[in-house]
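Chemist: Below is the structure I would like to discuss, written out as structure tokens.
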Amino acid sequence: MRVLIIEDDPLHRSYLHEAVRAALPECDTILEAENGHTGEVQARQSRAEHVVMDLQMSERNGIEAARTIWRERPDTKILFWSNYSDEAYVRGVARIVPEGATYGYVLKSTSDERLKLALRGVFMESQCVIDREVRGIQQKSLGNAHGLSDAEYEILVDVALGLTDKAIAQRKRLSLRSVQNRLQQLYEKLDVYEVPGDGPEGWYNLRMRAVAVALLRKVLNASALERAERELRNSGGN
């Protein structure tokens, strides 16, 4: 059994190494990579079927690395180990998991014992192991009336990228009215409203206010926007 650890912090890599040794006596080989890019290469060369990785890393983050690994080997089992339970990260992971894939998402604040149980649960028992805090965010974003739907979230990302209503409509193959309706739903769920002011347009630009509120609430983060910006450039804006 081979396990690949992808983590940019040397101390955290060492901690994970010991945790894997303690939790998985079946493991005969532990490989290490210091960032997502190196991790992709290691996963490809070693054909490791078990991966533990951080989400926020330099050069290439965990979401991008996991997407590449899963695209090449969809049966790879991945345990995400992160400081972050932001909605942006939770959504980012949910959007790339292949159908039927086994994965886990535990926070670095979890106990040693919980981490070991997660390692065995994901790698040995093929269970999806999600921390309670992360699970709560998943349920909020997917099943709560105040959570953003995937369609609304995509509109929010496009707004944050600076796209006009017309550009969003063209990119999403929607009518202009549909885009504007989704924007209104977005504003309502983020509690973004016009505030009367001295000028004819009030105090707020609602689009910019929605992005600011989303960043403050960690619905969006820099990693999600950087990824979306690259996808936009690669698509030529379409």
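Chemist: Can you tell me which lysines have their Cα less than 16 Å from the Cα of Lys218? Leave out same-chain residues fewer than eight positions away.
Modeler: Within reach: Lys140, Lys189.
Chemist: Still on this model: Averaging the inverse of every distinct alpha carbon separation and then flipping it gives the Kirkwood radius. What is it for region 150-236, in angstrom units?
Modeler: 13.6
Chemist: Can you give the angle from 0 to 90° between the axis of helix 176-189 and the longest principal axis of the chain, with both taken from C-alpha atoms, to the nearest 10?
Modeler: Helix 176-189 and the main axis of the chain meet at about 70 degrees.
Chemist: If you build a Gaussian network model of the chain, linking Cα atoms that sit under 10 Å apart, which residue out of Ile130, Ile78, Ile30 swings the most?
Modeler: Greatest mean-square fluctuation among the candidates belongs to Ile30.
Chemist: Given the -39500 (n - 2.57) contribution per DSSP H run of 4+ residues, what per-residue ellipticity at 222 nm results for the chain, rounded to the nearest 500 deg cm²/dmol?
Modeler: The helix contribution divided over the chain gives -16500 deg cm²/dmol.
Chemist: Compute the distribution of all C-alpha to C-alpha distances in region 15-96, in bins of 10 Å from 0, and list the percent of pairs in each, rounded to whole numbers.
Modeler: Pairs per bin, as whole percents: 17, 52, 29, 2.
Chemist: Evaluate 2.2 N^0.38 Å with N set to the residue count of the chain, then give the Cα radius of gyration divided by it.
Modeler: 1.13
Chemist: Along its three principal axes, how long is region 1-63 when you only count alpha carbons? Whole Å, largest extent first please.
Modeler: 32, 25, 15 Å, listed from the longest principal axis down.
Chemist: Could you tell me how many degrees, from 0 to 90 and to the nearest 10, lie between the Cα long axis of helix 132-143 and the main elongation axis, the longest principal axis, of the Cα atoms of the chain?
Modeler: 40
Chemist: Rg (Å, one decimal) plus Dmax (Å, integer) for the alpha carbons of region 2-142?
Modeler: Over region 2-142's Cα set, Rg and Dmax evaluate to 13.5, 40 Å.
Chemist: Can you tell me the 0 to 90 degree angle between the C-alpha axis of helix 222-234 and the longest principal axis of the chain, rounded to 10?
Modeler: 80
Chemist: Which of Asn181, Asn35, Asn221 moves the most in a Gaussian network model of the chain with Cα springs under 10 Å?
Modeler: Asn181
Chemist: Additional query: If all Cα-Cα distances of region 59-179 are sorted into 5 Å bins from 0 onward, what percent lands in each bin, rounded to whole numbers?
Modeler: 2, 10, 17, 18, 18, 15, 9, 6, 3, 2, 0
Chemist: Picking from Asn61, Asn205, Asn83, which is most flexible by a Gaussian network model of the chain using Cα springs under 10 Å?
Modeler: Asn205
Rule-based calculations on the coordinates, nothing more; no lab input. In this text, all values refer to a predicted model and were calculated from it rather than measured experimentally.
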